[in-house]
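Engineer: Below: one structure in structure tokens.
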Amino acid sequence: MSKNIILIAFFSAVIVLGVIEMNYVQSQFKFFEQQLEQASQQVIDEDSDTHHIDEIVQWWRQQKKTFHSFIPHNEIKDIDSLLMETRSFIISERFDLARARLEKLLSYAKNIPGTFSPHFENIF
């Protein structure tokens, strides 16, 4: 009987931790998505001020330490690279290329949280 209680407690803890992880990743990437959309608007307006993208880069550097526990390292590396390219293109006023990189970043921000959702394809 005590083994059953321990197993139930263990599986309950795993489920609760999974929900907490899913909510954390979704909330962080929702914030990231909102910031990228603002940066995208800045690029559409052809504003070469890097203040906003610098804030995004700084936020990302702080968060990626935690994200290494949840997200594949290749995706983190890709986001790092895309952020630096975007910043460089904004500085050099190559707004078309900056916008293309921001579209890729937005795609990551929208799709990564879905990998944590309890969908059939994520289980099997």
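Engineer: Tell me, please, whether a residue that is surrounded by 15 or more Cβ atoms within 10 Å (Cβ to Cβ) and either of a type in the set (Lys, Arg) or under 16 Å from Asn111 (Cα atoms) (or both) can be found in region 51-63.
Structural biologist: Scanning region 51-63, I find no residue that is surrounded by 15 or more Cβ atoms within 10 Å (Cβ to Cβ) and either of a type in the set (Lys, Arg) or under 16 Å from Asn111 (Cα atoms) (or both), so the answer is no.
Engineer: Does any residue in region 53-66 that is basic (Lys, Arg) come within less than 8 Å, Cβ to Cβ, of a residue that is part of a helix (DSSP H, G or I) six or more places away or on a different chain, and which pairs are these?
Structural biologist: Lys64/Ile76; Lys64/Ile79; Lys64/Asp80
Engineer: Which residue, of Ile76, Ile20, is surrounded by 15 or more Cβ atoms within 10 Å (Cβ to Cβ), in a helix (DSSP H, G or I) and not hydroxyl-bearing (Ser, Thr, Tyr)?
Structural biologist: Testing whether each residue is surrounded by 15 or more Cβ atoms within 10 Å (Cβ to Cβ), in a helix (DSSP H, G or I) and not hydroxyl-bearing (Ser, Thr, Tyr) leaves just Ile76.
Engineer: Can I ask one more? With Ser40, Ser12, Ser69 as the choices, which residue is among the hydroxyl-bearing types (Ser, Thr, Tyr), more than 16 Å from Arg99 (Cα to Cα) and surrounded by 10 or more Cβ atoms within 10 Å (Cβ to Cβ)?
Structural biologist: Result: Ser12 is the single residue among Ser40, Ser12, Ser69 that is among the hydroxyl-bearing types (Ser, Thr, Tyr), more than 16 Å from Arg99 (Cα to Cα) and surrounded by 10 or more Cβ atoms within 10 Å (Cβ to Cβ).
Engineer: While we're here: For region 33-73, give me each residue that is under 14 Å from Ile112 (Cα atoms) and assigned to a helix (DSSP H, G or I).
Structural biologist: Hits for region 33-73 are Glu33, Lys64, Phe67, His73.
Engineer: Quick check on this structure: which one of Ser2, Ser27, Ser12 is out of contact with any strand residue (DSSP E or B) (no Cβ under 7 Å at 6 or more places or on another chain), at pLDDT below 85, at negative phi and not acidic (Asp, Glu)?
Structural biologist: It is Ser2.
The values are calculated or read from the model by the stated rules, or taken from the named source; none is laboratory data. The structure displayed is predicted, hence computed values, not measured ones. With ideal geometry, Cβ positions are generated from the backbone for all residues, glycine too; neighbour counts draw on all protein chains shown.
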